[in-house]
Amino acid sequence: AYPYRTVCAPPMRCTTLILSRAAPRAYGGWSSPDSEGRHSAAWARFGDGDGAFAVIGIHNLWPWPAGPQQAQTRRFAGKMAGFDRQSLIVAGDFNSTPWSFALHRQDRLFGLERRTRALFSWPVRPWSRHKLITPLPIVPIDHIYAGRAWKTVSVTVGPKLGSDHLPVVAVLTR
């Protein structure tokens, strides 16, 4: 269903990807502060003229110890300067809850509207070194942002697909 896969450009290690039905006009990525490439970002530009837009997928660090996640957020926000904020979509695992000061700071830095509001998406399979199990997701740490050119039709969580997160599904229109 999604024949195009956008990941960070080599030689960067990157586990963040964007799947799409349309071929991107340009793409790239931003490296991870960890050696495994797990906390990186990928971006892709689609369309032409007035219909052009960009999508950025991000996986943030954990919020502890204090400091590195905030530095990563500032770095990603700075890199967003090269994109048209009106038509930009940013989605990912931000490892921050809607009630956290970190996410409120990120909202201001990104300058986009966060379209998610407390959609509990994590965890949905055993987690931690003790393999703890929760019957339902208990933390809303996955978020979608979009510029003013986009109107929100719906935002929901999707079914289990094998990840330790439920997918967040947003339907946006212009």
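The values are calculated or read from the model by the stated rules, or taken from the named source; none is laboratory data. Since this is a predicted model, take the numbers as computed values, not measurements. Because the Cβ atoms are built from the backbone with ideal geometry, glycine has one as well, and the counts that use them run over all protein chains shown. The area values use the complete protein model at the heavy-atom level, side chains included, leaving out ligands, DNA and RNA. Shrake-Rupley method; radii C 1.70, N 1.55, O 1.52, S 1.80 Å.
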Would it be correct to say that His130 is out of contact with any helix residue (DSSP H, G or I) (no Cβ under 8 Å at 6 or more places or on another chain), touching a residue at least 60 places away in the same chain (Cβ under 8 Å) and either in a loop (DSSP other than H, G, I, E, B) or buried (at least 17 other Cβ atoms within 10 Å of the Cβ) (or both)? no
Conditions first: (1) open to solvent by 10 Å² or more (accessible area, probe 1.4 Å); (2) under 22 Å from Thr152 (Cβ atoms). Val90 passes all but one, so which condition is the exception? (1)
For segment 73-83, does any single residue satisfy the condition of being among the polar types (S, T, N, Q) and part of a loop (DSSP other than H, G, I, E, B)? no
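Yes/no per residue for (1) closer than 22 Å to Thr152 by Cβ; (2) of a type in the set (Val, Ile, Thr); (3) open to solvent by 40 Å² or more (accessible area, probe 1.4 Å):
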residue	(1), (2), (3)
Arg5	no, no, yes
Pro11	no, no, yes
Gly29	no, no, no
Phe46	yes, no, no
Gly78	no, no, yes
Leu109	yes, no, yes
Any residue at all in segment 137-160 that is closer than 25 Å to Ser31 by Cα, open to solvent by 40 Å² or more (accessible area, probe 1.4 Å) and in a loop (DSSP other than H, G, I, E, B)? no
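Does segment 99-118 hold any residues that are in a loop (DSSP other than H, G, I, E, B) and under 14 Å from the mean Cα position of the chain (by Cα), and which are they? Lay out the reasoning, then the answer.
Pass one, segment 99-118, residues in a loop (DSSP other than H, G, I, E, B): 99-100, 111-112, 115-118.
Once the filter is applied, which keeps residues that are in a loop (DSSP other than H, G, I, E, B) and under 14 Å from the mean Cα position of the chain (by Cα), segment 99-118 yields Leu112, Arg115, Thr116.
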State whether one or more residues within segment 125-146 are more than 13 Å from the chain's Cα centre (by Cα) and of a type in the set (Asp, Glu). no
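For the subset of segment 161-174 comprising residues that are assigned to a strand (DSSP E or B) and within 17 Å of the chain's Cα centre (by Cα), which member is surrounded by the most Cβ atoms within 10 Å (Cβ to Cβ)? Explain how you work it out, then say what you get.
Just the residues of segment 161-174 that are assigned to a strand (DSSP E or B), to begin with: 168-173.
From what's left, within 17 Å of the chain's Cα centre (by Cα): 168-172.
Working: Val168: 21, Val169: 13, Ala170: 19, Val171: 11, Leu172: 17.
Within segment 161-174, the match that is surrounded by the most Cβ atoms within 10 Å (Cβ to Cβ) is Val168.
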Hey, can you tell me all the residues within segment 48-74 that are surrounded by fewer than 14 Cβ atoms within 10 Å (Cβ to Cβ) and farther than 16 Å from Ile141 by Cα? Asp48, Gly49, Asp50, Gly51, Ala52, Pro65, Ala66, Gly67, Ala71, Arg74
Test Arg125 against the criterion of being open to solvent by 50 Å² or more (accessible area, probe 1.4 Å), in a loop (DSSP other than H, G, I, E, B), in contact (Cβ under 8 Å) with a residue 24 or more places away in the chain and over 20 Å from Ser40 (Cβ atoms), and give yes or no. yes
Would you check if Pro63 is more than 29 Å from Pro24 (Cα to Cα) and touching a helix residue (DSSP H, G or I) at 6+ places or on another chain (Cβ under 6 Å)? yes
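Would you point out which residue out of Arg117, Arg105 is open to solvent by 20 Å² or more (accessible area, probe 1.4 Å), modelled with pLDDT under 95 and charged (D, E, K, R)? If you could, list the steps in order and put the result at the bottom.
Numbers: Arg105 fails: modelled with pLDDT under 95.
Sole residue among the options that is open to solvent by 20 Å² or more (accessible area, probe 1.4 Å), modelled with pLDDT under 95 and charged (D, E, K, R): Arg117.
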